[in-house]
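The values are calculated or read from the model by the stated rules, or taken from the named source; none is laboratory data. For clarity, every value in this text was computed on a predicted model and none was experimentally measured. Methodologically, a virtual Cβ is constructed for each residue, glycine included, from the backbone with ideal geometry; neighbour enumeration extends over all protein chains shown.
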Amino acid sequence: MEKIHKIGRRKTAVARVYLTEGKGDITVNKRDLASYFTTATLQYKVKQPLVMTENETTFDINVNVYGGGITGQAEAIRLALSRAMCTLNDENRGILKPEGLLTRDPRMVERKKFGQKKARKKFQFSKR
């Protein structure tokens, strides 16, 4: 098997995932998964496509991720891994799609407008 390369995005985070055959090591930005994502929920989010398709110990995964916060980065990695699982086996699509793991979440931060305090909040209005 050759190296599989997929990209996942969430908010401003971009994750590039490289899958090779191995024993289940996940490295994120040249660090171990547990040291990069310290909370259990973020580690679960990253591993979710692997657990659902029963591939936790089949592949070594190398991830380069940048931009956004740690939650956005974890969800970007999850999308990239889900896409990689689908290219590996078409039957995985039927497992991952109902859970919403193949959907790119389009929600982004709304830009701040000039003459306003924030994106929607205005400066206080004084009638007199």
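Does ALA119 fit the bill of being touching an Asp or Glu at 6+ places or on another chain (Cβ under 6 Å) and either of a type in the set (A, V, I, L, M, F, W, C) or not in a strand (DSSP E or B) (or both)?
Working: touching an Asp or Glu at 6+ places or on another chain (Cβ under 6 Å): yes; either of a type in the set (A, V, I, L, M, F, W, C) or not in a strand (DSSP E or B) (or both): yes.
Yes: the conditions hold for ALA119.
Within the stretch 53-75, not a single residue is exposed (fewer than 12 other Cβ atoms within 10 Å of the Cβ) and not in a loop (DSSP other than H, G, I, E, B). A search for C-beta distances below 7 Å between a residue of the stretch 85-113 that is among the hydroxyl-bearing types (Ser, Thr, Tyr) and any residue that is at pLDDT 90 or above and not in a helix (DSSP H, G or I), counting only pairs 6+ apart in sequence or on different chains, returns THR87/ILE4.
Looking across the stretch 1-52 at every residue that is touching a strand residue (DSSP E or B) at 6+ places or on another chain (Cβ under 8 Å), free of Cβ contacts under 8 Å to residues at least 40 places away in the same chain and aromatic (Phe, Trp, Tyr), the one that is surrounded by the most Cβ atoms within 10 Å (Cβ to Cβ) is identified as PHE37. Considering only residues of the stretch 110-128 that are closer than 27 Å to THR12 by Cβ and small (Gly, Ala, Ser), which is farthest from the chain's Cα centre (by Cα)? My answer is GLY115.
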